[in-house]
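In what follows, a single structure is set out as structure tokens and then discussed.
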Amino acid sequence: MSRFLASSTAARLLVVVTFVLLAGSMVAMAATEGGGHGGEHGRILAPVLHPDTFATDSWPPAAILVIGGVGILLLPSRIRGYAAVILSAITLWYVWNLPDGARLVVGVGGQDLTLLRVDRLSLVFGKIFSLIGIIAGIYALHQRDTRQQVAALLYNAGALGVTFAGDYLTLYVFWELMAVSSVVLIWARRNPESEAAGRRYILVHLVGGAVLLGGVLLHLDATGSIAFERFAPGEGGLAAWLILIGFCLNAAVPPLGPWLPDAYPRATVTGAIFCSALTTKTAVYTLIRGFTGWEILAVAGVVMALYGVVYAVLANDIRELLGYHIISQVGYMVAGVGIGTAMAVNGAAAHAVSHILYKALLFMGAGVVIHTTGREKLTELGGFWKRQKLVFGLYMIGAFSISGFPLWNGFISKSMVVAAAGELHWDWAFLLLMLASVGTFLHTGLKLPYGTWMGEDHGIRPKPAPVNMVVAMAVAAFFCTIMGVAPGLLYAHLPYEVHWDPWTAPHVMEAVQMLLFTFFVFYLFIPKLGGQPTISMDTDVLYRKPAPAVRAVFVHGVGAVFDGAHARVHALASRLAAAFRDPTDWIPGWPERVESDEPGYDEDRARLPLMLPFTLTLIAFGVIAGWRFLG
Amino acid sequence: MKLKTPSTRGWIFAAASGAIVIALPYFLPHGEHHGWWSAIPGWWSLFGAAGCAAIVIVSKWLGHVFLQKDEDFYE
């Protein structure tokens, strides 16, 4: 029996059954009146938030981190890390106390810039961005790299600046601040791979920023406004689409997302925690704010959720695997935005909060492995879980969270998006998002921890992990657990009133059944799930493969033209200098100059009489021109 | 620690735990019915098992025929 179950025949049988079931669900969905994609089924979009607004003199929270980020340069290096944590704690306290409805508007160049817009949506994202700043700061306490410390604070400031921006211009400035500060966290690893990945990362993000700015300018031209408000589905023309593309690039929506698994595995161990938390979730925030109810995002989100899962099967680098699962999990949030109901938007926001916490925990676990073993590939790891029991255990809390195990936060947030699709009878989205959940547990909860800590023993003897790294993991694990056990703690902060109870018997059993049987099949497939020393081709092949040719044309080619021109101009100048050295040579019949040691013609003596008429002419011309101009 | 092929006791434990989680919903309150699949006994068990197998096989196949390249592919 066991031999049969482990055989490829059994595997093929299971695949056939799956496809039959999925095809059956599609047929049933199509046959159901009003069901499926496009069926509105009473879909009511989440209302735009309109709190009672009032003007305030309060500074935007980003200011604390920008000023603090520069200010810590004045501190001794041994306390900079602690100062960064304290700054993030102050920011969290400040954001927590911002009153709903507060606005700070300043006039700049004829435009009103809204530097601070506080409502329940910006508050929930502002709080989690500040909280993760504290946790990631604790994780990074042991390192003394000033560049990284400042860059991380500015990166977090950028995320908060975008979150509380009420207009596109303010948003754009902080958007670019995020790009230029985050790339420092990639380059700071200081190896050729990181340097190249960082270059690609910043180029992609600058292009994305340019597309966003183009959309903003078109929007300003069309409406006269730069207020960052929601576009009704399908409205807004080219401007809306360009802005949407800009946002989707940062959310890593395929095919715009290969920058993420390319760059994040090359970031520093500590920098990757900030990266995993900020860029994509800021983009999710902007999508909620601007594009709630755009159905194309529901399709894109479901595709993302599965796309990340497929690539994660193939990944060998542990942080690349986690990177692909960022894409997969952000897919749930993007799908929630596309579904657009209050439940779905609440789910997107809740899942962003959960995701920031458990993904940081997972990246922190992977970071400890890299820091203590110097290895980051599944093919090189394995067999040392007994030497890192605590780290392994904390990682598994993150793995249970992302997999949607009852008791942890993924269970109470991911289910909101999936249930929102179910409420609308969008069966295709419901089933495919559930399928992505299976893949999430398979990779993040089983393949990665098994291949990294268990599996084949490579004789690895990891050095002890810094205490602060483990403490940061414990803090993140605490939040993952407390939110899972008491979901009301999170639900109370969501943009809309929550009418969802994840702790029902059918929902719990649904998760338990699915996850248990995923584990059974994982057990059978272990030999197929080991890492392989390969890389996976993504859409970045479109700019990475032609890069040598582009470099040859636009860098080496242009350089060759300039070098050639420079050489020719230099040669021409040399010939002219030689020809004009003695103009008497040009006069026929003029006696040949006799080369001798005797002093003869001297160009320095001839220069004054030659230059004087030119100089006088120029002075005269200047005087006449000045007189005419003034007159 | 490598996972080994389960012993007879392991198989019995797996079968028992699987049977319990499939049977348990029938003894607990019902409430959520999303679609036609809700009527299939142990649907989410089947979905988890078949989905997991499908993800591995389809992804591996895609990797083999198209996506996976040597590590020096971009060099």
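Table for the structure above
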| item | result |
| --- | --- |
| Sole exception among (1) modelled with pLDDT under 95; (2) in contact with a Phe, Trp or Tyr (Cβ under 9 Å, 6 or more places away or on another chain); (3) assigned to a loop (DSSP other than H, G, I, E, B) for A:Arg144, by number | (2) |
| Test: residue in region A:260-276 that is under 13 Å from A:Gly208 (Cα atoms), at pLDDT 95 or above and among the hydrophobic types (A, V, I, L, M, F, W, C) | no |
| From A:Leu212, A:Leu217, A:Leu203, residue being crowded, with 20+ Cβ neighbours inside 10 Å and closer than 14 Å to A:Gly246 by Cα | A:Leu212 |
| Set A:Thr223, A:Thr280, A:Thr270: member being surrounded by 24 or more Cβ atoms within 10 Å (Cβ to Cβ), over 14 Å from the mean Cα position of the chain (by Cα) and of a type outside the set (D, E, K, R) | A:Thr270 |
| Conditions (1) in contact with a Lys or Arg (Cβ under 8 Å, 6 or more places away or on another chain); (2) modelled with pLDDT of 85 or more; number of the one not met by A:His570 | (1) |
| Residue in region A:358-376 that is buried (at least 24 other Cβ atoms within 10 Å of the Cβ) and closer than 30 Å to A:Leu45 by Cβ present | yes |
| Subset of region A:297-318 (residues that are over 19 Å from A:Met434 (Cβ atoms) and surrounded by fewer than 24 Cβ atoms within 10 Å (Cβ to Cβ)) | A:Leu314, A:Asn316, A:Asp317 |
| Residue selected from region A:515-540 under the condition aliphatic (A, V, I, L, M) and touching a strand residue (DSSP E or B) at 6+ places or on another chain (Cβ under 8 Å), by the criterion farthest from A:Leu203 (Cα to Cα) | A:Ile535 |
| Filter result for A:Thr539 (over 27 Å from A:Leu390 (Cα atoms) and facing chain B (nearest Cβ under 9 Å)) | no |
| For A:Thr440: the one exception among (1) within 19 Å of A:Ala277 (Cα to Cα); (2) crowded, with 24+ Cβ neighbours inside 10 Å; (3) away from chain B (no Cβ under 13 Å) | (3) |
| Subset tally (residues that are at the interface with chain B (Cβ under 7 Å from one of its Cβ atoms), part of a helix (DSSP H, G or I) and farther than 17 Å from A:Val309 by Cβ) for region A:520-534 | 3 |
| Sole residue being closer than 21 Å to A:Arg544 by Cα and touching a His at 6+ places or on another chain (Cβ under 8 Å), chosen from A:Val207, A:Val124, A:Val183 | A:Val183 |
| Hits in region A:235-249 - residues which are in a loop (DSSP other than H, G, I, E, B) and surrounded by 21 or more Cβ atoms within 10 Å (Cβ to Cβ) | A:Gly236 |
| Residue in region B:41-54 that is free of Cβ contacts under 8 Å to residues at least 60 places away in the same chain, more than 9 Å from chain A (Cβ to nearest Cβ) and over 16 Å from the mean Cα position of the chain (by Cα) present | no |
| Criterion: touching a Phe, Trp or Tyr at 6+ places or on another chain (Cβ under 7 Å), at pLDDT 95 or above and either farther than 22 Å from A:Ala344 by Cα or surrounded by fewer than 20 Cβ atoms within 10 Å (Cβ to Cβ) (or both) - qualifying residue of A:Gly398, A:Gly393 | A:Gly398 |
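Yes/no matrix, rows are residues, columns are (1) touching a strand residue (DSSP E or B) at 6+ places or on another chain (Cβ under 6 Å); (2) at positive phi; (3) surrounded by 10 or more Cβ atoms within 10 Å (Cβ to Cβ); (4) modelled with pLDDT of 90 or more:
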| site | (1), (2), (3), (4) |
| --- | --- |
| A:Leu542 | no, no, yes, no |
| A:Pro546 | no, no, yes, no |
| A:Asp563 | no, no, yes, yes |
| A:Arg581 | no, no, yes, no |
| A:Pro591 | no, no, no, no |
| A:Pro599 | no, no, no, no |
| A:Pro609 | no, no, no, no |
| A:Phe614 | no, no, no, no |
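The values are calculated or read from the model by the stated rules, or taken from the named source; none is laboratory data. Model, not experiment: these values are computed from the prediction. Positions of Cβ are backbone-derived with ideal geometry, glycine not excepted, and every protein chain shown enters the neighbour counts.
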